[in-house]
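What follows is a single structure, written as C-alpha cells, with notes after it.
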Amino acid sequence: MHPLPSYESLIDELRKLRHRGLPGLRHSSRDSLRMAAVAAGLCTGEQDEQTGIEALLGAAVRRLNGGHPVRDDDSCDPLARAAAHTFGLFPARRGVPGTDRRKAAADVYGVTTERFRKRQEVDAVAELAAAVLAVAREGSAGEAAGPRTGGPQEPVTLAPTTPPVHAPPAAAGFPPQRRPYPGARPGTTAPVAPAGRITVRVCPIELVRDVDILVSSENTYLEMSKTFRSTVSGALRRAAALRDASGEIVDDVLAHELGVWLRTHGRAGVPVRPGTVVATSSGALAAQGVRRVHHAAIAAPVGDGDRYHVTPAVLAEAVRTTFELARRESEFLSLPMSSICFPLMGTGRGGLSVETAARALLGAIREELRQDPSWSVLVVTPEESHARTLMAASSAR
C-alpha cells in the first residue's frame with residue numbers, strides 16, 4: 001500500500017503547474033504528484049516521474065469526464081475540457097503558454113479569462129486534485145485504475161473545431177439522459193424525483209442516495225464537527241472521507257476543501273456572514289450518487305462556543321442561497337442537478353426549537369419551489385418525532 005499525498009498539497013502543486021505547463025513539470029514542485037503517480041502504478045519513482053505524472057493527469061481528467069476520453073467539443077464535460085486546456089493535456093496544446101491555455105479554458109464556458117481565473121479555474125483545479133487522489137487511491141488499493149499506457153495522448157484528444165450544440169430551452173433543466181455522476185458504477189445515473197415536491201423521510205442524511213446535493217449545517221466559521229460526533233456535519237464529514245484498505249482516513253475531503261475555500265477567500269479563523277453557503281465535492285459520497293455537498297453557515301457561536309444562536313431568518317437565507325448556488329453550479333459546472341436534500345437544520349445546542357426550525361425550513365423551501373419548481377427536495381431527520389413535526393408543519397401551511 002503506497003502512501004497518498006494530501007489534497008491540499010496536490011492543490012498547491014497543480015496551481016504552480018498550471019502556470020508552467022507540462023514542459024515545465026521538472027522545474028516545478030511535484031513531490032505530491034509523484035507520490036500519487038507511484039500509488040496509481042503509473043511510475044516507480046524519479047526516473048520515470050515525468051511520463052507517470054502526465055499519465056496520472058490524463059487519467060484524472062478522463063475520470064472527470066465519467067471515465068470517457070476527453071475531446072475538445074460539446075460532447076464532453078466542460079469541467080474536464082477546461083482542466084485539459086488549463087494544464088495543456090491536449091497533445092496539440094502541450095507547449096502552449098499559460099495565458100493561451102487559460103483563454104482556451106475560459107472559452108469552454110464562454111466567459112472572460114479573468115472571470116474564469118476567479119471562478120471556474122478554482123473549481124477545475126480542485127476537482128482535478130480530487131480526481132488525482134481517486135486514481136491514486138484505486139491504484140494503491142489494487143483496484144482497476146485503467147492501463148498504464150493511458151497517458152494524455154490516449155484519453156485526451158483534440159477534435160476539429162465545430163459549432164457548439166445548444167440544448168433547446170425545454171431540455172436545459174432536465175436533459176433526456178443525465179451525465180453519470182462522479183464515481184458512479186457504469187451505466188448508472190441518479191434518478192430524478194418528482195419536481196416541485198417536498199418529501200420528508202426518517203433517515204440519517206449520510207445514508208441518502210441518488211440526490212444531487214446534500215446540505216450540511218455548519219457554524220459561521222465553517223468549521224465542521226469532529227468525525228466522531230453525531231451531528232449532521234460530523235456524519236457527512238465521516239461519510240465523505242476517503243479511506244485506505246484498512247479503513248483509515250487518507251483524505252478528509254470536506255474539511256480540506258472548506259479549508260481551501262477559507263484560505264482562498266481570506267476567511268480562515270474569521271466568521272462568514274450567517275446564511276453563507278459554500279459548496280464542496282462529495283468525496284466518497286459520490287458512490288451513493290451524491291454530486292455536491294453544500295455547507296450552510298447558520299450557527300453563530302455564543303459565549304465560549306458551548307452553544308449557538310440561530311434565527312429563522314438565517315435559516316431562510318441559507319435555503320435561498322443553497323438554491324441559488326445549485327443553479328449556478330448546474331450552469332457553470334455543467335452538472336444537470338435537480339434534487340436537494342436538507343436536514344432539519346438549526347436545532348442544535350442552543351438553537352431553534354424543532355417546531356420553529358421546521359416551519360422556517362419548509363416555508364423557505366416552498367418559496368423557492370414556487371419560483372423554480374424544477375427542483376425536487378428531500379428533508380430528512382433520524383428522529384421519527386421530528387419527522388412528524390415536519391409533516392405537521394407542512395400540512396399547516
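State which residue is nearest to Arg267 (Cα to Cα) when the search covers only segment 215-232 and only residues that are part of a loop (DSSP other than H, G, I, E, B) and of a type in the set (Val, Ile, Thr).
It comes out as Thr220.
Would you confirm whether any residue within segment 365-377 is over 27 Å from the mean Cα position of the chain (by Cα) and touching a residue at least 60 places away in the same chain (Cβ under 8 Å)?
No, there is no match, as no residue in segment 365-377 is over 27 Å from the mean Cα position of the chain (by Cα) and touching a residue at least 60 places away in the same chain (Cβ under 8 Å).
When you scan segment 18-60, how many residues do you find that are touching a residue at least 24 places away in the same chain (Cβ under 8 Å) and either of a type in the set (A, V, I, L, M, F, W, C) or within 22 Å of Arg243 (Cβ to Cβ) (or both)? I'd like the intermediate steps shown before the answer.
Kept after step one, since they are touching a residue at least 24 places away in the same chain (Cβ under 8 Å), are these residues of segment 18-60: 18-23, 25-26, 31-33, 35-42, 50-51, 53-60.
Next, from what is left, pick out any that are either of a type in the set (A, V, I, L, M, F, W, C) or within 22 Å of Arg243 (Cβ to Cβ) (or both): 22, 25, 32-33, 35-42, 53, 55-57, 59-60.
Residues that pass the stated criteria total 18.
I want to confirm something. Restricting to segment 238-262 and keeping residues that are open to solvent by less than 60 Å² (accessible area, probe 1.4 Å) and either modelled with pLDDT of 95 or more or β-branched (Val, Ile, Thr) (or both), which single residue is farthest from Arg327 (Cα to Cα)? Lay out the reasoning, then the answer.
As a first pass, look at segment 238-262 and keep what is open to solvent by less than 60 Å² (accessible area, probe 1.4 Å): 239-242, 244, 247, 250-260, 262.
If we keep only those that are either modelled with pLDDT of 95 or more or β-branched (Val, Ile, Thr) (or both) as well, we get 250, 253, 260.
Details: Val250: 31, Val253: 23, Val260: 22 Å.
Restricting to residues being open to solvent by less than 60 Å² (accessible area, probe 1.4 Å) and either modelled with pLDDT of 95 or more or β-branched (Val, Ile, Thr) (or both), the top hit is Val250.
When you check Ala326 against the structure, is it hydrophobic (A, V, I, L, M, F, W, C) and without any contact (Cβ under 8 Å) to a residue 40 or more places away in the chain, yes or no? Don't jump to the end; show me each part of the working.
On the way: hydrophobic (A, V, I, L, M, F, W, C): yes; without any contact (Cβ under 8 Å) to a residue 40 or more places away in the chain: no.
Taking the combined requirement at face value, the residue does not satisfy it.
Please list, ordered by first then second residue, the pairs with beta carbon atoms under 9 Å, 6 or more apart or interchain, first in segment 212-224 and more than 26 Å from Ser338 (Cα to Cα), second among the aromatic types (Phe, Trp, Tyr) and open to solvent by 20 Å² or more (accessible area, probe 1.4 Å).
Partner pairs satisfying both residue conditions: Asn219/Tyr308; Thr220/Tyr308.
For Asp73, which of the numbered conditions (1) open to solvent by less than 50 Å² (accessible area, probe 1.4 Å); (2) at pLDDT below 80 fails to hold?
For Asp73, the exception is condition (2).
Go through (1) under 18 Å from the mean Cα position of the chain (by Cα); (2) charged (D, E, K, R); (3) open to solvent by 30 Å² or more (accessible area, probe 1.4 Å) and name the single condition Glu114 misses.
The number of the failed condition is (1).
Test each condition in (1) out of contact with any Pro (no Cβ under 7 Å at 6 or more places or on another chain); (2) surrounded by 23 or more Cβ atoms within 10 Å (Cβ to Cβ) for Gly58 and report the one that comes out false.
So the condition that Gly58 fails would be (1).
Look at Ala167 and say whether it is modelled with pLDDT under 90, over 25 Å from the mean Cα position of the chain (by Cα) and not in a helix (DSSP H, G or I).
On the way: modelled with pLDDT under 90: yes; over 25 Å from the mean Cα position of the chain (by Cα): no; not in a helix (DSSP H, G or I): yes.
When the stated conditions are applied, Ala167 does not pass them.
Would you confirm whether any residue within segment 38-55 is within 15 Å of Ala131 (Cβ to Cβ) and either hydroxyl-bearing (Ser, Thr, Tyr) or outside any helix (DSSP H, G or I) (or both)? Spell out how you get there, then give the answer.
Here is the first cut: in segment 38-55, the ones within 15 Å of Ala131 (Cβ to Cβ) are 39-40, 42, 53-55.
This time we only want the ones that are either hydroxyl-bearing (Ser, Thr, Tyr) or outside any helix (DSSP H, G or I) (or both), so: 40, 42.
The answer is yes, given that some residue of segment 38-55 is within 15 Å of Ala131 (Cβ to Cβ) and either hydroxyl-bearing (Ser, Thr, Tyr) or outside any helix (DSSP H, G or I) (or both).
Among the candidates Pro180, Pro147, Pro175, Pro152, which residue alone is part of a loop (DSSP other than H, G, I, E, B) and either open to solvent by 70 Å² or more (accessible area, probe 1.4 Å) or at pLDDT 50 or above (or both)? Steps first, please.
Details: Pro180 fails: either open to solvent by 70 Å² or more (accessible area, probe 1.4 Å) or at pLDDT 50 or above (or both); Pro175 fails: either open to solvent by 70 Å² or more (accessible area, probe 1.4 Å) or at pLDDT 50 or above (or both); Pro152 fails: either open to solvent by 70 Å² or more (accessible area, probe 1.4 Å) or at pLDDT 50 or above (or both).
That would be Pro147, the only listed residue that is part of a loop (DSSP other than H, G, I, E, B) and either open to solvent by 70 Å² or more (accessible area, probe 1.4 Å) or at pLDDT 50 or above (or both).
The values are calculated or read from the model by the stated rules, or taken from the named source; none is laboratory data. Here the structure is a predicted model, which means the values were calculated and not measured. Reconstructed Cβ throughout: ideal geometry from the backbone, glycine too, with neighbour counts over all protein chains shown. In case anyone asks, the SASA skips ligands and DNA or RNA and just uses the protein heavy atoms, side chains included. Shrake-Rupley method; radii C 1.70, N 1.55, O 1.52, S 1.80 Å.
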